[in-house]
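See below for the structure under consideration.
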Number of protein chains: 2
Amino acid sequence: MGEKIEILDTTLRDGAQAESISFTVRDKLEICSALDALGVAVVEAGNPGSNPKDREFFSQATGLGLRHAVISAFGSTCRPGLAPADDPQIAELLDAGTSTICLVGKAWRFHVSEILKTTDAENLRMIGDSVAWLVSRGKRVIFDAEHFFNGFASDPAYAMAAVEAAARAGASVVCLCETNGGMFPEDISAATAEVVSRVGSGCVVGIHTHDDSGLAVANTIAAVRAGARHVQGTLAGFGERCGNANLATVIGDLQLKLGYACIPEDNLKLLTSTVRHVAAVSNVPLPGGLPYVGRRAFAHKGGMHMDGVRKVARSFEHVSPESVGNSRRFLISEMSGKSAVTDRITAILPGFAGGEKEVAKVVARLKELEKDGYQFEGADGSFELLVRRTLSPYEPFFDLERFRLVSELSIGERRDRNTTAMIKIASAGREEITAAEGNGPVNALDIALRKALEKFYPRLGEMRLTDFKVHVIAPEATASKVRVLIESTDGRRIWNTVGVSSDIIEASWIALLDSVEVKLLHDRID
Amino acid sequence: MGEKIEILDTTLRDGAQAESISFTVRDKLEICSALDALGVAVVEAGNPGSNPKDREFFSQATGLGLRHAVISAFGSTCRPGLAPADDPQIAELLDAGTSTICLVGKAWRFHVSEILKTTDAENLRMIGDSVAWLVSRGKRVIFDAEHFFNGFASDPAYAMAAVEAAARAGASVVCLCETNGGMFPEDISAATAEVVSRVGSGCVVGIHTHDDSGLAVANTIAAVRAGARHVQGTLAGFGERCGNANLATVIGDLQLKLGYACIPEDNLKLLTSTVRHVAAVSNVPLPGGLPYVGRRAFAHKGGMHMDGVRKVARSFEHVSPESVGNSRRFLISEMSGKSAVTDRITAILPGFAGGEKEVAKVVARLKELEKDGYQFEGADGSFELLVRRTLSPYEPFFDLERFRLVSELSIGERRDRNTTAMIKIASAGREEITAAEGNGPVNALDIALRKALEKFYPRLGEMRLTDFKVHVIAPEATASKVRVLIESTDGRRIWNTVGVSSDIIEASWIALLDSVEVKLLHDRID
């Protein structure tokens, strides 16, 4: 392994500034543990001076028992005219009780005069005094030089003076921040090299970038190549505006390709699952195309690409999906070559010896349903049923005769909300009618269906729905079509099914029926 | 304006290879027109040899009357052992009837032997003959050198020979493809400069990158800086695996910051709306953090950032949102400084003179609802009602007493599906009970509510719902919570409302009630 890079993840601080992210204290503790398990060196966890929730986090975080990571609190230098010892915000930073503190200060003269409304000299005094005070209290200080690159472009001497003030006062790291996300790798590279040559002997130089020009990762790498050895970002790229540098991508690039050591080598395999876990806790859907860790990062659809990867994986893959804990996927769609569809059919029906005509029948049915709004890429269970229903005389396990769903809401003296589903099915020549209450229509239907069928198939009790997604297709208000995706498990297997309709109840119902059908089918095959 | 860059958009070809994208012919025509209106130079529209839908597209596209763009068909060099004139795939390329053809060939020896299974010399023959044949038929040929950079890294002489074969045969552009997305800007830069020095006098050198290492944009810019003057990508970044270079970002960077001319200067303002339109037609949700054009690209949430931007916009913005047709947003959340909430309150209640205590009341209510799963960042209408309900004795326009919703589905002899909503409301001391049928539960409730209220408020007839989104919060199968967002318009205004519940009907209902309430409120204020 090559040179070490200290990774600081700021999902819990800068990431929390992204739209639609709002962490509870429990969320923060969970993400902190996940980052630690991945092997991140520093978790920047919040600003105790601006946020009561963050204060509560710091008081609970000591119980986490982290193995790799130290936790850092985040705050600003003291205010103009105040000594750090008299600044309540600095006091709260110390109260957080972390060994490490990330302290942000101004490095752009324009910000000093227009935003801070103070003098150049006073800003340098604030930086030096604040760092020195925290160091004297036994803290390791990471100094974030805000807008360093804008400052360096307009007045390099002043930007450098800000960084040197922090270095002289004992900062362990001076981190150069590309706060507005507007710079190019060439700018980053030259300025970083200059800082490294000035203060690099006394402290580590760091880099912190944003993605407003789509260059956060490139800028981070440019800084590392120029001598930076501390990298800030967020594991899933969350952050203000267009987000911070995506650490999953940065770690992949630096460690897998350039030979730097960012996290313990064995932990690279945890990269994909950790990013997905952080996104799930944050309740933010992860773009499928995220480098290395996205659901589509190793998904092949074009016929030529699928054939190529089948012959030699590296023909269309830059790294192996396993190296980062991701996996390869071949997507089935109207664009899939017939050989891909044949492969999928053979996986479902191992004895399949059908010719072109039968494959063409499946492809035709696939296209028909895709035209209606179906997608089978994320619905392996429904795809299996499609194949079986198309190719062989398929005998369903049960038939639905009808259902009736009643939702009532009354307000006033006796507030009441209830949903009842009545359902009638036929299976093995017998009819069954039953009813159930549920929390909302889909839940009520789910319960009623299982209640009716468990008489025939007791093993249905093992099965439960684990995810439910609704996607509005071509929005035309409340009469638009919806696609419902359901994920189910019976503890051994996980499968996905899909339903489409202009009525959300019907779409859910179709996916629900497929889900139960898959369970019954697999139990019979076992 | 500086030097001209020819932009080729391949959303309709490489973009269509992304998971979950499936274009109809009508979608393709619509996207083609949108790209033309933006001022893209070449629209690579499909592969007539592999896809019957693409053949239909080419036959219809001649009627589009494009003003800026030419359409290009895409295909491969002839097959080993065949003359181009005898290759049916090449014949189909010519049949597409476009003035320009994009022809892909191999530049990586490894691919020649392992995937094509032919000799190095035969591959060069295929490239030269195919380009020459198409040129002799009057076509402008863009030669895509697939895997050029992998080829150049392992055998620079052969990669260069492939490119030179195309150039000698009359290709107008030789486009260097970073097909696997695994390279760094330094690699791209050096190899591109070498190609420019070799063939740059006779033809234009182009660049085509993928984002598997998060470097597609940086690699594109590196190539342009090394002399490339033709850039391929997709406007919204769609494409195989992690996607192609995002052209919206590339155009923003090259044209706004580096002074190149990619599209007509006046059209930069169309960038945001065009990307969103392409995404909507593609039915792919656009990541909010997309540089320049994302919904969050100029959204400020952190208190310090909001205060800074309020003082001087460029303090936290790399370019002005208006320059690309986007807009600035201040997000309201528990992290918002009180001054931001006060601003929003004053915008709603211009006479607001309330003190800290009243602002704190609003913030407290906001936090309470956010804890329940609400988000007001995308629900200005519900936020306005929250403010009014919290700060003043708010008299609602109507009260719901109860509703009852019946959904029925029967299968068999008489297949039937219907949904009926019965609703009872009180307004101005009078009660009204009514019922309506609809296409699904939300549609039925919407119709019934309006029917009941139009007796009291005839102007409700002007209003309609234009979007409906369902977001599952913390998925726990069918009993998990859902957040419903509704967008409404009355032709003059657009507003958004939100509802949260474990029951999708109730969540929709809450958002629906708010939506109608906002309409009635604004009509009274007008």
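What whole-number volume per residue, in cubic angstrom, does the convex hull of the C-alpha atoms of the stretch A:238-352 give?
146
Just want to confirm a number: the relative contact order over chain A, from Cα pairs under 8 angstrom separated by 6+ residues, in percent. Don't skip to the answer; put the middle values down first.
Values: 1036 pairs, mean separation 49.4, N = 526.
After rounding, I find 9 percent.
What is the distance, in nm, between label points placed 7 Å from the Cα along the Cα-to-Cβ direction at A:R310 and at B:R464?
Computed distance between label sites A:R310 and B:R464 equals 4.7 nm.
Where does the Debye-calculated log10 I(q)/I(0) of the stretch B:1-68 sit at q = 0.14, 0.18, 0.20, 0.27 Å⁻¹, using only Cα point scatterers of equal weight, no solvent?
Those come out to -0.42, -0.66, -0.80, -1.32, one per q.
In whole percent, and with a 1.4 Å probe on the protein chains, what portion of the accessible area of the stretch A:486-526 is carbon and sulfur? Intermediate results must be reported in sequence, preceding the final value.
Working: 630 of 1170 Å².
Answer for the stretch A:486-526: carbon and sulfur cover 54 percent of the accessible area.
Quick one: Karplus J couplings for the stretch A:245-254, per residue in order, coefficients 6.51, -1.76, 1.60, θ = phi - 60°, nearest Hz, x for Gly and Pro?
Listing the rounded values in order: 4, 7, 5, 4, 5, 4, 5, x, 5, 5 Hz.
Just in the stretch B:232-318: which trypsin sites (Lys or Arg not before Pro) are loop by DSSP and have at most 16 other Cβ atoms within 10 Å?
none
Kirkwood Rh, the stretch B:198-281, all Cα pairs: how many Å?
Taking every pair of different Cα atoms in the stretch B:198-281, averaging 1/r and inverting gives 13.4 Å.
Tell me the per residue accessible area of the stretch A:45-115 using a 1.4 Å probe; a whole number in Å² is fine.
Values: 2870 Å² over 71 residues.
With all protein chains present, the stretch A:45-115 gives 40 Å² per residue.
What are the extents of the Cα atoms of the stretch A:156-310 along their three principal axes, in Å, largest first?
Principal-axis extents of the stretch A:156-310 (Cα, largest first): 57, 31, 29 Å.
In chain B, which helices (entire DSSP H runs) extend 30 Å or more along their own long axis, judged by Cα positions, while averaging at least 0.5 on the Kyte-Doolittle scale? Could you put the intermediate results ahead of the total?
Working: long enough: B:504-525 (32 Å, 0.78).
Passing helices, by number: B:504-525.
Could you size up the charge dipole of chain A around its Cα centre, putting +1 on the beta carbon of Lys and Arg and -1 on that of Asp and Glu, and report it in debye to the nearest 20?
Charge dipole, chain A, about its Cα centre: 1040 debye, nearest 20.
Just counting partner chain Cβ atoms within 10 Å, what average do the residues of peptide A:203-216 show around their Cβ?
Rounded to a whole number, the mean comes out at 5.
Just the C-alpha atoms of the stretch B:1-125: what Rg/Rh do they give, with Rh taken as the Kirkwood radius? It would help to have the intermediate numbers written out before the result.
Numbers: Rg = 16.0 Å, Rh = 15.8 Å.
My calculation of the ratio gives 1.02.
Would you kindly calculate the translational diffusion coefficient of the stretch B:402-518, applying Stokes-Einstein with the Kirkwood radius from alpha carbon pairs, for 10 °C and a viscosity of 1.306 mPa s, and quote it in µm² s⁻¹ without decimals?
104
In bins 5 Å wide, starting from 0, what share of all Cα pairs of the stretch B:269-410 does each bin hold, as a percent?
Distribution as computed: 2, 8, 14, 15, 16, 13, 12, 9, 6, 3, 1, 0, 0 percent.
Mind jotting down the distance between the C-alpha centroids of the stretch B:151-172 and the stretch A:356-425, whole Å?
About 53 Å separates the Cα centre of the stretch A:356-425 from the one of the stretch B:151-172.
Can you pick out the pairs among A:K361/B:K117; A:K106/A:K139; A:K371/B:K269; A:K361/B:K139 whose Cα atoms lie more than 28 Å from each other?
Working: A:K361/B:K117 31 Å; A:K106/A:K139 21 Å; A:K371/B:K269 34 Å; A:K361/B:K139 38 Å.
In this structure, A:K361/B:K117; A:K371/B:K269; A:K361/B:K139 exceed 28 Å between Cα atoms.
What accessible area, summed over both chains, is buried at the B-A interface (1.4 Å probe, Å², nearest 100)?
Summing both chains' loss of accessible area gives about 9400 Å².
Taking the Cα-to-Cβ direction at A:R26 and at B:S273 and moving 7 Å from each Cα, how far apart do the two end points lie in nm?
Each label point is offset 7 Å from its Cα along the Cβ direction, giving 4.6 nm.
Please list the equivalent ellipsoid semi-axes of the stretch A:133-188, computed as the square roots of five times the alpha-carbon gyration tensor eigenvalues, in descending order and whole angstrom.
24, 12, 7
List the trypsin sites (Lys or Arg not before Pro) in the stretch B:72-149 that DSSP assigns to loop (not H, G, I, E or B) and whose Cβ has at most 14 other Cβ atoms within 10 Å. Which are they? Present the calculation step by step, with values, prior to reporting the outcome.
Numbers: sites: B:K106, B:R109, B:K117, B:R125, B:R137, B:K139, B:R140; in loops: B:K117, B:R137, B:K139.
Sites meeting the loop and neighbour criteria: B:K117, B:R137.
Rg and Dmax of the protein assembly as shown, using alpha carbons, in Å: what are they?
Over the protein assembly as shown's Cα set, Rg and Dmax evaluate to 30.1, 90 Å.
Tell me, which longest segment in chain B has none of the GluC sites (Glu not before Pro) that fall in DSSP loops with at most 12 further Cβ atoms within 10 Å? Walk me through the numbers before you get to the answer.
Details: sites that count: B:E3, B:E413.
Between exposed loop sites, the widest span is B:4-412.
Let me check I have the definition right: for the stretch B:108-147, take the eigenvalues of the Cα gyration tensor, multiply each by 5, take square roots. What are those semi-axes in whole Å, largest first? Walk me through the numbers before you get to the answer.
Numbers: eigenvalues 101, 24, 7 Å².
In descending order, the three semi-axes are 22, 11, 6 Å.
How large is the convex hull of the Cα atoms of the stretch B:290-329 per residue, expressed in Å³ as a whole number?
Values: hull volume 2.4 nm³, N = 40.
Taking only Cα atoms, the stretch B:290-329 has a hull volume of 59 Å³ per residue.
Per residue and in cubic angstrom, what volume does the convex hull of the Cα atoms of chain A have?
Value for chain A: 201 Å³ per residue.
List for the stretch A:391-439: residues with 50 Å² or greater reduction in accessible area, all protein chains versus chain alone, probe 1.4 Å?
A:F403, A:R404, A:S407, A:L409, A:I411, A:R417, A:N439
Go through B:A190, B:A145, B:A171 and say which Cα lies farthest out towards the positive end of the charge dipole of the stretch B:113-211; charges sit on Cβ, +1 for Lys and Arg, -1 for Asp and Glu.
With unit charges placed on the Cβ atoms, the residue in question is B:A171.
Expressed as a whole percentage, what fraction of the accessible surface of the stretch B:344-415 belongs to carbon and sulfur atoms when a 1.4 Å probe is rolled over the protein heavy atoms? Numbers along the way, then the final one.
Values: 1870 of 3920 Å².
About 48 percent, which is the carbon plus sulfur part of the accessible surface.
Solvent-accessible area of B:T119, probe 1.4 Å, all protein chains present, reported in Å² to the nearest ten, please.
80
Taking θ as phi - 60°, what are the ³J(HN,Hα) couplings along the stretch B:397-404 by the Karplus curve (6.51, -1.76, 1.60), each to the nearest whole Hz, with x for Gly and Pro?
6, 7, 10, 7, 9, 6, 9, 9
Out of the trypsin sites (Lys or Arg not before Pro) in the stretch B:411-516, which ones are loop residues according to DSSP with at most 16 other C-beta atoms within 10 Å?
Listed in order of number, the matching sites are B:R414, B:R415, B:K455, B:R492, B:R493.
Beyond 16 Å, what share of the Cα-Cα pairs of the stretch B:342-443 remains, rounded to the nearest whole percent?
Numbers: 3643 of 5151 pairs.
For the stretch B:342-443, the share of Cα pairs beyond 16 Å comes to 71 percent.
Hey, any idea what Rg/Rh is for the stretch A:421-460, computing Rh the Kirkwood way over Cα pairs?
0.98
So if I restrict to the alpha-carbon atoms in the stretch A:135-234, what is the Rg, and what is Dmax, the biggest pairwise distance, in Å?
Here Rg and the maximum Cα pair distance are 12.5, 40 Å.
The values are calculated or read from the model by the stated rules, or taken from the named source; none is laboratory data. What you are looking at is a predicted structure, and each value in this text was computed from that prediction instead of being measured. Here the Cβ is made from the backbone with ideal geometry for all residues, glycine too, and neighbour counts use every protein chain on show. All accessible areas refer to the heavy atoms of the entire protein, side chains included, with ligands and DNA or RNA removed. Shrake-Rupley method; radii C 1.70, N 1.55, O 1.52, S 1.80 Å.
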